[in-house]
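Participant: Sending over a structure as structure tokens; questions will come in a sec.
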Ligand code: ASP
């Protein structure tokens, strides 16, 4: 028999329980409209602004939902006036009163509640407030960021932060909705984990129960999601917190959030098809007014991306593609028996197997000497030895300080190769290192594209970049380094390139054919940002061991570090693949921000500190002894 107790209270309807009314308020500060005129209501919120007209006090009451004007008339409500006289900005009030239409001509069209006001009968001060360190009611007033972070709870009272956090929440909801519809299961994976390499340092947490041992915080749930595929979960996702100890930049934080997903029995195309459809759905749900530049998303080979845009995360909102000057120059023939082009820098780069490439910046042909010098300095900062330029005249001919070396015909060939028109400025980088040429021009392209306003801020230009090289040679360590993920699979036709390794320990060599292997790796870029990356994985133990051996691990080391996943592969692993996408970056791009801190409620500073609660901080004295910790060579408060 079922056990029933006598009901002690009436049930609450879901509408009431889910609704925004509480014992302190009937309505929020964002919801009253003309149709509510005559209603008796109770409302609560923060004092956004207070204006005293002698006998008549106006208070804009604010909460996350909006602003409502409250009027306190001394003649009608002397007690309320007494309370209102004590009120300052940011006090928390409860107001009881009547909703009334504002007098004709005093409506505020900018406010959703601007047709009405609340005529107060009673004002209760729920909480007093100090004068805040910055204006909360002037959201556009510039405030020093460290002050914003120190008082983040006040910063979040300001409208722009409220809107960005709401957008982020909608983004995560749309992501969850799409995944649930596609049969994904959301699984939480541990935060106290073992090292999961993603190319950064680990944050470690000492264990009290096993002194001398540490957990590592996950750089990503990579191995766990693969193990979930071995477990037969088929489709997994998670809004996962990841931790990477690296130097911070605008788009980096020590802890950040990824949409992490993995699918079984898939090919690269199958994963990309799902992710693309999901991205489209999420974009349309969260930022319906922003057009997606191209559907389906362009899928660009890594080599093409580097050739054409000098970047593996190209901003496709504008052209300005990189042009190779070598064929045009070669067609003209050698300038002299000693020189191919007449210009030594070009000759040397080409002779060394390098590149001479250029971009044409529209309308910059009239740049002053100091503007050009600034561009040269920019290029040098990223490793270029110099930056040559040609400005295109009104008649379409090129004019350049190096024209006297190259001769008219070669300058004309450069103009032609870049398709530059009158008024454009051609910027040329030459170097023996072709990656450097691509990188410098790619950065210049991105910088100038934005400076010149070539990129439509409203457009979302998603694109895939695929078939990255599997490995990069690390000369100082004498081993190959997985360019993305140590578990990434190799493009099937390149699998033979890995087959040549043999023996343990294996001594990787720069000559290994594996260096030419392409990974089943795909990155998704949005407006020049890397939004995410993933791959179809190696799901066979032997191949994974080969890949690890090329990455410099002995069998013993790989078993020590990756034994769990290697063993799991002995028990039947399905072909699988997935991706992770930066939720912070996505939210930042959706809200037109260049810094992910703007879409994080409580981010860290550049030096990894929390200015509000004061982390990191010294452990307590007991923690030292419990954990058997001792900091060597550092002065700490308690140790
Ligand atoms: N774990 C990878 C990362 O964090 C993503 C993936 O390959 O799924 O970048």
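Coordinate-derived values only; no laboratory data. Here the structure is a predicted model, which means the values were calculated and not measured. All Cβ positions, glycine included, derive from the backbone under ideal geometry; neighbour counts span all protein chains shown.
Participant: What FRET efficiency would be calculated for the residue pair residue 75, residue 610, taking the C-beta separation as r and a Förster radius of 51 Å, to the nearest 0.05?
Facilitator: My answer for the efficiency is 0.50.
Participant: For a label point 7 Å from the Cα of residue 474 along Cα→C-beta, name the residues of segment 513-541 whose backbone N is under 16 Å from it.
Facilitator: Counting backbone N atoms under 16 Å from the label point, the list is 515.
Participant: Whole Å is fine, so just give me how far the alpha carbon centre of segment 1-52 lies from that of segment 417-456.
Facilitator: 58
Participant: At a 10 angstrom cut-off on C-beta neighbours, averaged per residue, how do the peptides 388-394, 12-18, 493-499 rank from highest to lowest?
Facilitator: Ranking the peptides 388-394, 12-18, 493-499 by packing returns 388-394, 493-499, 12-18.
Participant: Still on this structure: What value, in deg cm²/dmol to 500, does the helix sum -39500 (n - 2.57) over DSSP H runs of n ≥ 4 give at 222 nm once divided by the residues of the chain?
Facilitator: It lands at -8500 deg cm²/dmol.
Participant: Could I ask something else about it? Gain in length, residue 246 to residue 182, computed as 0.36 nm per residue apart minus the alpha-carbon separation, to one decimal in nm?
Facilitator: Separation in residues times 0.36 nm, less the Cα-Cα distance, equals 19.6 nm.
Participant: Next question, about the same structure. Rounded, prolate or oblate for segment 590-636? Axes are the square roots of the Cα gyration tensor eigenvalues, ordered a ≥ b ≥ c, and the cut-off for rounded is a/c under 1.5.
Facilitator: prolate
Participant: Between residue 432 and residue 452, what FRET efficiency follows from the Cβ-Cβ distance if R0 is 25 Å, with the result rounded to 0.05?
Facilitator: 0.25
Participant: What does the C-alpha gyration tensor say about the overall shape of the chain? Classify as rounded when a/c is under 1.5, otherwise prolate if a/b is larger than b/c, or oblate.
Facilitator: oblate
Participant: What is segment 213-308's relative contact order, in percent, from Cα pairs under 8 angstrom and six or more apart in sequence?
Facilitator: That works out to 21 percent.
Participant: Go ahead and run the numbers for FRET between residue 299 and residue 88, Cβ-Cβ distance against an R0 of 51 Å, rounding to 0.05.
Facilitator: Computed FRET efficiency for residue 299 and residue 88 comes out at 0.30.
Participant: Could you give the length gained on full extension between residue 332 and residue 557, defined as 0.36 nm per residue of separation minus the Cα-Cα distance, in nm?
Facilitator: 75.4 nm
Participant: Quick one: if you stick a label point 7 Å off each Cα along the C-beta vector at residue 625 and residue 134, how many nm between them?
Facilitator: 4.4
Participant: Taking only C-alpha pairs under 8 Å that are 6+ residues apart, what is the relative contact order of segment 24-88 in percent?
Facilitator: Value for segment 24-88: 28 percent.
Participant: Let me ask another. Largest first and to the nearest Å, give the Cα extent of segment 227-269 along each principal axis.
Facilitator: Per principal axis, max minus min of the Cα coordinates gives 37, 22, 14 Å.
Participant: Taking a ≥ b ≥ c as the square roots of the Cα gyration tensor eigenvalues, with a/c under 1.5 meaning rounded and otherwise prolate when a/b beats b/c, else oblate, which class fits segment 345-435?
Facilitator: Since a/c reaches 1.5 but b/c is at least a/b, the shape of segment 345-435 is classed as oblate.
Participant: Sticking with this one: Using only alpha carbon pairs under 8 Å that are at least six residues apart, calculate the relative contact order of the chain and give it in whole percent.
Facilitator: Relative contact order, the chain: 13 percent.
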